[in-house]
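The values are calculated or read from the model by the stated rules, or taken from the named source; none is laboratory data. For clarity, every value in this text was computed on a predicted model and none was experimentally measured. Cβ placement follows ideal geometry from the backbone for every residue including glycine, while neighbour counts extend to all protein chains displayed. Surface areas here come from the heavy atoms of the whole protein model, side chains and all, with no ligands, DNA or RNA. Shrake-Rupley method; radii C 1.70, N 1.55, O 1.52, S 1.80 Å.
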Amino acid sequence: MGLAENQVSCNTVIFWCKKSKNKEAASSSIIIIHHIYYVSHGSHVRKLLFFNNWQLSFDLLESWLAKNPDVSGFKRDGKSIFRELALFQDYHGLPLFKKALVDFMAEIRGNKVTFDPNHMVLTAGATSANETLMFCVAEEGDAFLLPTPYYPGFDRDLKWRTGVEIVPIQCTSSNNFRITESALEQAYQDARKRNLRVKGVLVTNPSNPLGTTLSRNEFDLLVDFIKDKETMHLISDEIYSGTVFSSPSFVSVMEILKEMTPNDAAKIWNRVHVVYSLSKDLGLPGFRVGAIYSENDAVVAAATKMSSFGLVSSQTQYLLAAMLSDNKFTKKYISENQKRLRRRQRMLVTGLQKAGIKCLKSNAGLFCWVDMRHLLCSNTFEAEMELWKKIVYQVGLNISPGSSCHCSEPGWFRVCFANMSQDTLNVAMKRVKNFVTDSTGAECGSSSACFTKSFSNWVFRLSSRDHRAPEER
Amino acid sequence: MLSRKASKDSHGQDSSYFQGWQEYEKNPYHPIQNPMGIIQMGLAENQLSFDLLESWLRRNSNTMALKKDGVSAFKDLALFQDYHGLPAFKEALVNFMTSMRGNKIKYSSDKLVLTAGATAANEILMFCLTDPGQAFILPTPYYPGFDRDLKWRTGAEIIPMHCSSSNGFRITRCALEQAYQLGQELNLKIKGVLVTNPSNPLGTTMTKTELNHLLDFAIDKNIHIVSDEIYSGTVFDSSSTTSFTSIMEVLNERNNNNYNNIRNHVHMVYSLSKDLGLPGFRVGMIYSNNEKVIAAATKMSSFALVSSQTQFLLSNLLSDAKFIKKYMVENQRRLKRRKDMLVRGLRKAGISCLRSNAGLFCWVDMRHLLSSDSFEAEKELWKRIVCEVGLNISPGSSCHCSQPGWFRICFANISEDALHLAMHRMKAFTNSIFSVRLPIIMMRKKSF
């Protein structure tokens, strides 16, 4: 439950295979993710629930593929276009694909905004898009402000090779982790104290790990913040925009721009950039499809050249161009996927409720932001780690501790719900309930020492940044 | 408002290499629709053997439909984004490399990092091996794209090591030392040497002697070697003296303890863009014995992963050993034939080429057509060839060649008819020059 899709299983299989010197499994042509692993501690052997190969809406994609065999067969109107695709490495991207992608993005936004394919840059995933944007608008000595909690991968994606710093905008549970003016100002001052030039704010909307969409009030704050600071940018990572399953409806930063007075819009239109990907909405992280969208021609020009370092396979562009151009299909997919997400989120929330655990009220994403502060032995991050270890090894659920997302308050966890079957989710909820019942009255700290001893480093690597591949979203 | 990287032109795309492309785009040749248009001979693509690949695809339509043993692998692939790469694909790749290079070395998949093309592989290696301001030595002439790929976002520098026609542009120990010296004078820390073997734009393979010089030099200075072997499958002329030798092979021959250090300093780049002619699929890789480099490069590959859909298709293609063997042999035969056509055609126009045994291009000597021994004259000649003759070829200056008058001409990306037409045009062009300048040319030939 720790990953906002299925990735952990793949890594874990490889990892486990290496550990047990089981070369065979590691060399199978497709990583089979139906293994269930066992964690043992003394006489207790517990099945560790990892995600089997399940995703909410693959059946819809697979049925489309089955109905359109020509597309994966490199054919167009019955003729082979293999050669054309094999040679196509133009960093401007397959025009048909870009058109289909911008139309899809517009559809997700209720067609309240439209996008121009000439302002879009394709990249090998949002990981690449975010890094490329950083290279374009910032450099060593600069900082971007990010509201916490945020996706742990940003520490690598935005900072590692670019030399850019991240300064957190501390959000708290007191107002449901909304961005406030004072938090923004505080972050700005923190950056200045560290002698960093603040180049802008990056938000994920809908938020990972919160699962909430940005409110109009928050948008107003952000726009006001950057409006008159002419070197500041606003980057909106909208990778989860298609996963909004209940109200309030999704408002893209592009919509906000559109609604602004011409005067105000003129001040910031070329400093607002959107990142998107098909990894979450379509559940295709393996195909590596990301995009940068910006009205700023210089950013588009530079990012386009930089995309040479991470182009999308033409084979994939072609397949998805056909899929996304099928408007009947995309309409059905978006609405059905959202329905299933909503149902699944409710299951998780209800299940946790039965265990006396609350979630932050959310309307999007593939996860819930879960409040387990009352289960902590003390209001500390050490206690959070202790609790996390118990949940992983004792309960057998891999969830993400808030500290890994730079949350300023201990006790919050991200729990994913869209990457397992209903049955598995039910099992997980039962385990949580039992755990809470059993641990009420149990002493804190009694078993944690034992756990620390018997589990070597590899166990922590499951959650540690070092081991994580890009799937960690 | 933007970063310095985004604002300046260190992407290197203002060079004539790219300008020629632009001219071509404005007036592209088409046998029927635009027979007077510019023929594209500046694009190092291998278009000679698609029919072979297409026939394999027709026989293996299940693979394209993402099926394995009749079962859909779509779900698994769609979710597979592990930066360690699809194991079956990596296995297929190392087996392919091992057999393609004559089984002299067994490559292993845990030393391989997959990247979206060699472009990404080269940049990632630079990020791993250099800090901003540090430098790599590159023998000239070299692929113009390196100016962007190695330097742009990494902040690394390139020190050119000038090779000359006097010895067939071979790498000498002396030239290596000179380049190193230049680096010291410029106060740049040299971290390594990057070679392309077979060479782009020369089309020649490095000899064992050159490779050993390179190794000795790297051991002496305690620096890295990056060998971009992207054209290794295009060697079409392999007698015992001209076959392809990978740096890994020469490294392997030094297998006593004295060489432990250098084992960790040699890294190879490869890609399927040239040998299989699949640049659009973005398949590149880094190969190294150095665990730290592999670990770091693997994480960096997050920014440039290969689509799992593509990994699946190609793992099946490459695993068909019988097909691949047949493909490589036939492909090389066609490349040789095409190269011979170009060389003959140019000879008829009074133009000679550097003797080559690999690549998708020839390194052509047009010094005798220059109005003066200068790069201005080279640019003049180049413009005439692009605009008057209607051939987009790459001037040596765009490849940082130290001598004016050399050009790279590609032969594997156009039809045979287009090549014949190009040669015909070339002959007409040189005829027109010679008929005017014959006495002058006779004199110039004497003075060289």
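What do you get for trypsin sites (Lys or Arg not before Pro) in the stretch A:237-275 restricted to DSSP loop and a cutoff of at most 12 other Cβ within 10 Å of the site's Cβ?
Filter output for the stretch A:237-275: empty list.
What accessible surface, in Å², does a 1.4 Å probe find on B:Lys104, ignoring ligands, DNA and RNA and rounding to the nearest 10?
Spelled out: B:Lys104, probe radius 1.4 Å, area about 100 Å².
Leaving out ligands, DNA and RNA but keeping every protein chain, what accessible area does B:Cys387 have, in Å² rounded to the nearest 10, with a 1.4 Å probe?
90
Hey, which of these cross-link pairs are over 28 Å Cα-Cα: B:Lys26/B:Lys427; A:Lys67/A:Lys361; A:Lys280/A:Lys361; A:Lys280/B:Lys274?
A:Lys67/A:Lys361; A:Lys280/B:Lys274
Probe radius 1.4 Å, ligands and nucleic acids left out: which of B:His30, B:His224 has the largest accessible area, and how do the rest follow?
Descending order: B:His30, B:His224.
What aspartates and glutamates sit close enough to A:Lys430 to cross-link, taking a C-alpha to C-alpha distance under 18 Å and skipping anything fewer than 8 places away on the same chain?
Candidates past the 8-residue exclusion: A:Asp371, A:Asp438.
Per DSSP helix of 4 or more residues, -39500 (n - 2.57); summed, then divided by the residues of the protein assembly as shown. What does that give at 222 nm, rounded to the nearest 500?
Value at 222 nm, helices only: -13000 deg cm²/dmol.
Set the bar at 21 Å for Cα to Cα. Now go through B:Lys151/B:Lys189; B:Lys8/B:Lys151; A:Lys339/A:Lys433 and name every pair that lies beyond it.
Violating the 21 Å Cα-Cα cut-off are A:Lys339/A:Lys433.
Sort out for me the Cα centre separation of the stretch A:140-164 from the stretch B:341-380, rounded to whole Å.
Centre-to-centre distance over Cα atoms comes out at 50 Å.
Send over the semi-axes of chain B's equivalent ellipsoid, whole angstrom and largest first, taken as the square roots of 5 times the C-alpha gyration tensor eigenvalues.
35, 28, 21
So how much accessible area does B:Ser352 have, in Å² to the nearest 10, using a 1.4 Å probe?
Surface accessible to solvent at B:Ser352 totals approximately 60 Å².
Trypsin sites (Lys or Arg not before Pro), restricted to the stretch A:141-212: which are DSSP loop and have at most 11 other Cβ atoms within 10 Å?
Those satisfying the criteria are A:Arg194.
Let me know the charge dipole size of the protein assembly as shown about its Cα centre in debye, to the nearest 20, where only the beta-carbon of Lys, Arg (+1) and Asp, Glu (-1) is charged.
So the dipole magnitude of the protein assembly as shown works out to roughly 1900 debye.
Please sort by residue number the trypsin sites (Lys or Arg not before Pro) in the stretch B:196-299 whose DSSP state is loop and whose Cβ has at most 15 other Cβ atoms within 10 Å.
The qualifying sites are B:Arg254.
Among B:Val226, A:Leu234, B:Val343, which residue has its Cα furthest toward the positive end of the charge dipole of the protein assembly as shown, with +1 on Lys/Arg Cβ and -1 on Asp/Glu Cβ?
B:Val343
Using 1/(1 + (r/R0)^6) with R0 = 30 angstrom and r between the beta carbons of A:Asp264 and A:Arg194, what's the FRET efficiency to the nearest 0.05?
0.45
Could you give me the percent of Cα pairs per 5 Å distance bin for the stretch B:99-159, shortest bin first, beginning at zero and ending with the bin that holds the maximum distance?
Calculated over all Cα pairs of the stretch B:99-159, the distribution is 4, 16, 22, 19, 15, 14, 9, 2 percent.
Build a GNM of chain B with springs between Cα atoms under 10 Å: which of B:Ser435, B:Ser371, B:Ser246 gets the top mean-square fluctuation?
B:Ser435
If we count every other residue with Cβ under 12 angstrom of B:Lys274's Cβ, Lys/Arg +1 and Asp/Glu -1, where does the sum land?
Summing Lys/Arg as +1 and Asp/Glu as -1 gives -4.
Could you list, by residue number, the cysteines of chain B that have no other cysteine's beta carbon within less than 4.7 Å of their beta carbon?
B:Cys128, B:Cys163, B:Cys174, B:Cys387, B:Cys399, B:Cys401, B:Cys410
Using the C-alpha gyration tensor of the protein assembly as shown, what are the square roots of 5 times its eigenvalues, in whole angstrom, with the largest one first?
With the √(5λ) rule applied to the protein assembly as shown, the semi-axes are 51, 30, 27 Å.
Hey, if we sort B:Trp21, A:Trp160 by accessible area with the 1.4 Å probe, largest down, what's the order?
A:Trp160, B:Trp21
Over the stretch A:313-389, what lengths in whole Å, largest first, do the semi-axes of the equivalent ellipsoid take, defined as the square roots of 5 times the eigenvalues of the alpha-carbon gyration tensor?
Semi-axis lengths for the stretch A:313-389 are 39, 17, 8 Å.
Which net charge results when you count Lys and Arg as +1 and Asp and Glu as -1 among the other residues whose beta-carbon is under 12 Å from that of A:Leu184?
So the surrounding residues net to -4.
Stokes-Einstein D for the stretch A:73-329 at 25 °C, 0.890 mPa s, Kirkwood Rh over Cα pairs, in µm²/s?
Using the Kirkwood radius from Cα pairs, D works out to 131 µm²/s.
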